[in-house]
Structures are given as C-alpha cells and as structure tokens.
Amino acid sequence: MNENEDFDVIIIGAGIGGYSAALRATNYKKRVAIIDKNLLGGTCLNRGCIPTKALLSYARDYNKILSMYKKEIFASIPYINMKKIAEDIQKTIIDLRKGLSYTLQHSGVKIIYGNAEIINSNTVLVKGFDNNIQKIYSKSIIIATGSKPMIPKIDGLTDVSFNDTDSIFLNDNIVMKSVLIIGGGIIGIEFANAFSMLGIKVYIIEKAKRLLPDFPIEISDYIQKILRKKGIEIFTDSSVKSVSEEDEEIIAQIDIYGQMKNLLTDKILLATGRIANMEIASGNINIINDGKNICINNNYMTNIAGIYAIGDVVSNQQLAYIASKQGEDVVDYIVKGIECHKIENVPLCVFIDPEIAVIGKTEKDFKITKQKYIVGKSLLFSNGKAVLEHRPEGFIKVLMDAYDHRILGAQLVCENAVELAELIFQYIKSKQTAEQILECVFPHPTIVEDIRKAIVNGLKRNEGVEK
Ligand SMILES: Cc1cc2nc3c(=O)[nH]c(=O)nc-3n(C[C@H](O)[C@H](O)[C@H](O)COP(=O)(O)OP(=O)(O)OC[C@H]3O[C@@H](n4cnc5c(N)ncnc54)[C@H](O)[C@@H]3O)c2cc1C
C-alpha cells in the first residue's frame, strides 16, 4: 500500500468530462488527482470522436480524388490501403494523447493509472497496474467513468468475431471488404458513410422505422436517400435474428418486416448504443442509479454529499461537448458554489457527407406547443461555394418566432453544418431577430450565406401573415 494522499478534488475517469473538470480545478489552483484504468482521453480521443472523424477525413480526400478521376482531371485512381489508414489514425490518437498528458501534467494534475473504487464518501482506493494499492482522500470526488458498448442479444453472436465501437479501431479491424452495421443512429451512420466512401460494401440494419429516429423525419428521409446513392444497403424496421461464421465469412439472418433474408459479410460492427459505467463504489457506499444512469441533482451531486457525477455516466445524450461542459460546471459549483445551469439548445450533429446539425426548436416542438412560427429554407444547389466544391446537396432551414422573428432553431444539412450550428446557437442564446441578422454582412462565396438566404425566404413567405 502506497502513502496516502489528500487532494482538493479527485476525478475518476480521464475522458473528456474528467480532464475538463481537472483542468478547470487547476485554474482555481486546486490540488487535483485524476485516475484512469485505461488511456488518457477516454472514449472520445481513443475510440470515438477523433478516430471516426479522422476516418471521415480520409474518406473525403479519397472521394475528391475519385470525382476528379471521373472528370478525367486525374488519370488513375489510387489504391486505398486501409491498414495504413488504421496506423495513421492511431498515430493521430497518440499525438493528441501526448498533448493531453503534457497539458494535464503542466497544469499540476496528478495522473494515477489504475482501477478506482470509492470506499467511503471521501476515500478512493486505486489498484494500480503493478498491483500497487493506494488510498487517496478528498471532500470532493467526481465520477466521470463514461460508458461502454451495449451488446445486443443475437443468437450466435458470441461465437463469431464481431466489433463494437470500442474495438473497431484496434489492430486491422477496419481492413475489410464488407461490413454489416447493426444500428442506424448517429454512430452507425457515421461509420457507414465513411466506410462506403472508402470503397467498403456497407449494410445497415435499424430496428426503428427510419434511420436517425431522433431527428426530424425530413432529415432522416433525405439522408437515407443520400446514403443509398452511395451504395449503402439500408434495412429499417428490421433486426438481426442470428449470426454464424463459415470460411471467414459471416452469415447474418435478418428479419425485414417479417421476411427472412441471409446476408454475407466480412465483418459486423455493433452500433447499438452505449451503457453507463456505474460499477464504481463498494462496501457500505451506495450511489443510487435509475438502472441507466447515476442519479444526480441540478449541481451534479449524487445521493452522497461530496460525490458528483458527470458525462456519459449521467447523460442520456452521450456527447463529448456535454461531458466537458458538465465537467467545468461541476468544478465551478464545488469551488465557487456557482449553481449549474441546465445545458440547453445542444446541437445534435452527424459527421457525414453532407454534415447534419439540428439545433433548438423543431417544427414538431412548435406543433406540440401550438406556437406560431416561420420557417425559411434554402437549398444548397444554388450556393456558389457548394457548387464550386461539387457538394451541392443539402439544405438550411431556419425557424423563427412568427411575432418577433427571433431565431429559435435550425436544421442544417450541408458542408460545415456542424460548425455553423455554433453560429445558430449564438443567435438563439443572444435572442437575435431575423432583422438584426440581416443587418450583418456575410462573406461570399460561403455556405453561411445560405443562413441569410433561408431567413430572407422565411420572411418573404411570411409577408401578410396575421400578427
Ligand atoms: C464511435 C463514437 C464516436 C463518437 N463521436 C462523437 C462526436 O463526434 N462528438 C461527440 O460529442 N461525441 C461523440 N461520441 C461520444 C463521446 O465520445 C462521449 O460522449 C464522451 O467520450 C464521454 O466522455 P466521458 O468523459 O463521460 O467518458 P469517457 O470518455 O468514456 O471516459 C471515461 C473514462 O473513465 C475510465 N474509467 C471507467 N471506470 C473506471 C474506474 N473504475 N477506475 C478508473 N477509470 C475508470 C475509462 O477508462 C475511461 O477512460 C462518440 C462516441 C463513440 C463511441
């Protein structure tokens, strides 16, 4: 057993939620310890946001070359080496992890590697990789233990080699000719889009009636068409009944609206959601959960005073930017007593081609609350930047209050939609009206011009509407 140590804040989990909390605490000159049983950076850096977006970046580059080849600008198509892509993605991850490690250490955060267990309201027991055991103490403990893949019950699954969102970027797992992706939510679609753009045959099985079931129907339908155009075979309202393996090929028996069909594929990727890592306390300490997440109050405190929880372990919207905001907010509360605000207007983003971002109120929300609204839409096919870059697909839709013309929401399906969502966020937060936005200049040629165009179209359509 090591010497025992006291800290102002102990954080369990060095993912984006945990390390954001750690860095915030050092801004207040607090003594901070962060513990992780795996790699610094957690899911986002090592298995999630970063590798998936790196994969998409290769896919986009390759597709630019492909389209130039089709126009005879390039004379040949280069061969894609997925093994090298896998290696390069790992290099990116390692570089970013080194940067994170440097930042944490130079901010004075003590990094401890090992499995953490809360044994009472102010004590954490850490079992290190070298079997070294130490106890550390603090009046404030933050649980930021994240999530792990949910493995669905499918006959034969445990007898075949399959990948989930934790394992797909390991070794050569992305080297394949075909893949069956189970789950048509954000993560499943992001993988499907990138793999298909890299020449891999992709099948998606989704049990809901449409892809992206949490998004407006218009977006689901639009994206489904775009993905099908890329050659992806999509089965909605369908499920995988059983899987088996023969001669290194996987046979999946799928149920498509009651009709059975066999699919042959190289690999299976489970994108069926993630469950919270809640096994953190032992002995006489009982941190209450609702079966899905650790329960917390408005300031992220659990049922035990001094023990807090943030990130995927508490959120039903598992997003890196929610985890990091919660990490900062909880530290502001612990150190300064600043009450945490509800995080609102969180953009829902999908990194595919074209990108998708949905932010603020949707038409469905207005129909429920019977609030009068204006909708302005612009189609990207006449946007200079979109056309010159050969990416004319998509639309921008802006939703405004019918009376004062404040911006209340937007749906963007276009290049850079995710970055543009931040602009809409600022419009909503600062209660900007359509007229105030139209006083501004929009650089040309840009995609952002079409936000202006959508607003103008909306106001035009609304002329003469009773106020
Ligand atoms: C494929 C994929 C793509 C994604 N893409 C995006 C994206 O583009 N944008 C976005 O916003 N979100 C994305 N996400 C979601 C995002 O990665 C998560 O919301 C985010 O990482 C959650 O952060 P966290 O800090 O709560 O948990 P995590 O990042 O999961 O970190 C938890 C850490 O706790 C450690 N830990 C757990 N238990 C213990 C213990 N007992 N002792 C010590 N350490 C422990 C784990 O080892 C882990 O490192 C993606 C997720 C996946 C899977």
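The values are calculated or read from the model by the stated rules, or taken from the named source; none is laboratory data. Keep in mind it's a predicted model, so treat the numbers as computed, not measured. As a convention, Cβ positions derive from the backbone with ideal geometry for all residues, glycine included, and neighbour counts pool all protein chains shown.
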Candidates TYR19, TYR62 - the one that is closer than 30 Å to ASN173 by Cα, touching a residue at least 40 places away in the same chain (Cβ under 8 Å) and more than 11 Å from the ligand (Cβ to nearest atom)
TYR62
Just to verify a result, which residue in the stretch 144-166, among those that are part of a loop (DSSP other than H, G, I, E, B) and more than 16 Å from the ligand (Cβ to nearest atom), is farthest from GLY15 (Cα to Cα)?
GLY156
Can you tell me which residue among GLU339, GLU435 is touching a helix residue (DSSP H, G or I) at 6+ places or on another chain (Cβ under 9 Å), in a loop (DSSP other than H, G, I, E, B) and at pLDDT 95 or above?
GLU339
Which one of these is within 30 Å of ALA33 (Cβ to Cβ) and either assigned to a helix (DSSP H, G or I) or among the hydrophobic types (A, V, I, L, M, F, W, C) (or both): PHE191, PHE169?
PHE169
If I ask for residues that are part of a loop (DSSP other than H, G, I, E, B) and among the basic types (Lys, Arg), which ones from the stretch 31-59 would you list?
ARG31, LYS37, ARG47
Return yes when ILE151 is in contact with a helix residue (DSSP H, G or I) (Cβ under 9 Å, 6 or more places away or on another chain) and more than 16 Å from LEU40 (Cα to Cα) and no when it is not.
yes
For LEU40, all conditions in the list (1) of a type outside the set (S, T, N, Q); (2) within 30 Å of ILE143 (Cα to Cα); (3) under 23 Å from the mean Cα position of the chain (by Cα); (4) more than 13 Å from the ligand (Cβ to nearest atom) hold save one; what is the number of the exception?
(4)
I'm trying to understand the selection: among the residues of the stretch 366-381, which are more than 15 Å from TYR403 (Cβ to Cβ) and exposed (fewer than 11 other Cβ atoms within 10 Å of the Cβ)?
LYS367, ILE368
Would you point out which residue out of THR165, THR158 is loosely packed, with under 15 Cβ neighbours inside 10 Å and of a type outside the set (A, V, I, L, M)?
THR158
For residues that are near the ligand (Cβ under 6 Å from one of its atoms) and surrounded by 20 or more Cβ atoms within 10 Å (Cβ to Cβ), scanning just the stretch 22-37, find the one that is nearest to PHE195 (Cα to Cα).
ASP36
What number of residues within the stretch 290-324 satisfy the criterion of being farther than 30 Å from ALA192 by Cα and within 14 Å of the ligand (Cβ to nearest atom)?
6
